[in-house]
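S.K.: Mind looking over this structure? Questions follow.
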2 protein chains.
Amino acid sequence: MPKQHLPPPQVLGGTLDQPQGAAEKGSLASLLQPCQPQSQRSATIRRGFQVAARRGHHGALAGGPYILPRFSPASAFGSSTDSLVSRFCQEKTDLKNYTLPNASWCPDMLNLYHEFLEKTKADGWIRLPSFKSNRNHIQGLKLPLALTVTSDKSDCRIFTRCIKMEGQGYEYGIFFHPSKKSVCLFQPGPSLEGPPRFAHGGSLAAMIDETFSETAYLAGEGLFTLNLSIRFKNLIRVGSLAVLNVDVEKIEDQKLYISCVAQSADRQTVYAKASGTFLQLQLEEDSSQY
Amino acid sequence: MPKQHLPPPQVLGGTLDQPQGAAEKGSLASLLQPCQPQSQRSATIRRGFQVAARRGHHGALAGGPYILPRFSPASAFGSSTDSLVSRFCQEKTDLKNYTLPNASWCPDMLNLYHEFLEKTKADGWIRLPSFKSNRNHIQGLKLPLALTVTSDKSDCRIFTRCIKMEGQGYEYGIFFHPSKKSVCLFQPGPSLEGPPRFAHGGSLAAMIDETFSETAYLAGEGLFTLNLSIRFKNLIRVGSLAVLNVDVEKIEDQKLYISCVAQSADRQTVYAKASGTFLQLQLEEDSSQY
């Protein structure tokens, strides 16, 4: 097992030190100044990354051959949604696209899937592909966590595609709209149980986090989950459909504020309400593989 | 697929309508009065369950053969921690106990596991068993969601034990102390990825939710997750150890307020800070099987 390093922030389903509360010594938060006014924090975050990059093998970020991104506030807003979407939605015929329906999908899920598929033809909705690993989605982009590639032979999978058997774990498809909203059709399988016959609250939390992450990235290069808050309302029965309606509420000071209402197909039952904050950061072009 | 019902609140990794904000029509929240002072809410919740139980097949909770619990404020506090623990920690020699170490555990995890195992001998710590389903943990207890048992032949698993292969998914062990705190040793495997080589934020969220749920139940019959909030700090490398230190901060007005700090084994890196609220509710004896 590799030596434990203090890692950089997480991308697509990931995390970052938040400039809130007392900064722990040795964390990225120690580079941020929580007492600063909100308007000054972005510059501090930017400086934080620059400092972190300069530190290299020393100080709080010692030990990692990290390639931290050049952060340009102009270009962080410069990428068009179109270019982000076209990069994210590349055809990869050699990879299984888990967004496509399978025999385990319940009628509600199939019906809504086809409804949104129709909307991709006229209403601007985009069906997002879903591969087994984020490695496939970020090919050609340099991440803040561009560590040296190890000879890792294990079967790495994105958490929300962790179970291979159709219908047993996560079944979902995400549709994104350039007006900065998305819909996730989520059907939890029997391996996602909490109480008997109902989905674990944590499985819904992870589904919300993943939908937030993809939405944040496409809507405005939101990369790092700063926080996630969920108010649970009702249970989701295993094998049934939950529809996650996700909206980017605002983009301000290099942060995206995102909300979610998860409800039944007929909208009569609210399963949960959630909010999350993501930090914008630009990915650079890179030809290296993960 | 069974007809979609409005389900009752979730137990052990579960959810419940929260008396906050406008109550949605047709949800349990509609039985609670958000405008009430905090001190009056417990009585309202209690009445809510009584109303729900009386409603049976009618109204907001129509369609379900639910056996909602008799809620007694006295007995909700009456079960001793000892009795809750002894029920939860029954020896089940016919079931695999996933808390036991396996070859995939990293040295940090093994060392801390054995350290806490020593503490079970003298310091009052209790190693919690972990079976593949909550069905095994709640045998003999009547849940609020005691639905008619269906002939479900699928392989139901608790979400945090969803991956069978050792080291590939969730590896964890939880130790509980009757002073109302617990420690979860959590090692995410390569199927729990978010960004390449790091755990998905949602996998940590689910691990926190599960640890909160078990702690809330043992510390004071906390059954229903009302909310969960996580501030992410740093990434957890796949295959390494995160130590979740969980404390019940207070028990008030039939609610448990729980906090968590997730950090590296050497305590130098904080991965996340979290808080959650759980509602107390007493389970009744029942001889039926799930």
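S.K.: Interface size between chain B and chain A, please: total buried accessible area, 1.4 Å probe, rounded to the nearest 100 Å².
M.R.: Its buried surface, counting both partners, is about 6600 Å².
S.K.: Ranking request for peptides B:84-95, B:179-190: highest mean number of other beta-carbon atoms within 10 Å first, then the rest in descending order.
M.R.: For the peptides B:84-95, B:179-190, the packing ranking is B:179-190, B:84-95.
S.K.: Take the residue pairs B:LYS180/B:LYS233; B:LYS92/B:LYS164; B:LYS180/B:LYS273; B:LYS96/B:LYS255; B:LYS96/B:LYS119 and return only those whose Cα atoms are more than 21 Å apart.
M.R.: B:LYS180/B:LYS233; B:LYS96/B:LYS255; B:LYS96/B:LYS119
S.K.: Give the calculated FRET efficiency between B:LEU110 and A:SER83 to the nearest 0.05, with a Förster radius of 51 Å applied to their Cβ-Cβ distance.
M.R.: Calculated value: 0.60.
S.K.: Follow-up question, since we're still on this one. In whole percent, and with a 1.4 Å probe on the protein chains, what portion of the accessible area of the stretch B:162-275 is carbon and sulfur?
M.R.: That fraction is 44 percent.
S.K.: Ok, one more. With heavy atoms of protein chains only and a 1.4 Å probe, what residues of the stretch A:181-201 have at least 40 Å² less accessible area in the full set of chains than alone?
M.R.: Going by heavy-atom accessible area, the residues of the stretch A:181-201 that drop by at least 40 Å² are A:PRO190, A:SER191, A:GLU193, A:PRO195, A:PRO196, A:ARG197, A:PHE198, A:HIS200.
S.K.: Compute the Cα gyration tensor for the stretch B:225-280, then decide on rounded, prolate or oblate, letting a ≥ b ≥ c be the square roots of its eigenvalues: rounded whenever a/c is under 1.5, prolate when a/b is larger than b/c in the other cases, and oblate in all that remain.
M.R.: Taking the square roots of the gyration eigenvalues as a ≥ b ≥ c, the stretch B:225-280 is prolate.
S.K.: Accessible area drop of at least 50 Å² (1.4 Å probe, protein heavy atoms): which residues of the stretch A:220-245 qualify, relative to the chain alone?
M.R.: A:LEU228, A:ARG231, A:PHE232, A:LYS233, A:ASN234, A:LEU235, A:ARG237
S.K.: Could you tell me whether the stretch A:150-290 comes out rounded, prolate or oblate from its Cα gyration tensor? Rule is a ≥ b ≥ c as square roots of the eigenvalues, rounded for a/c under 1.5, then prolate if a/b exceeds b/c, otherwise oblate.
M.R.: oblate
The values are calculated or read from the model by the stated rules, or taken from the named source; none is laboratory data. None of the values given here were measured: they were computed from a predicted structure. Cβ coordinates were reconstructed from backbone atoms using ideal geometry, including for glycine residues, and neighbour counts include every protein chain displayed. To get the accessible areas, we keep the full protein, side chains included, count just its heavy atoms, and leave off ligands, DNA and RNA. Shrake-Rupley method; radii C 1.70, N 1.55, O 1.52, S 1.80 Å.
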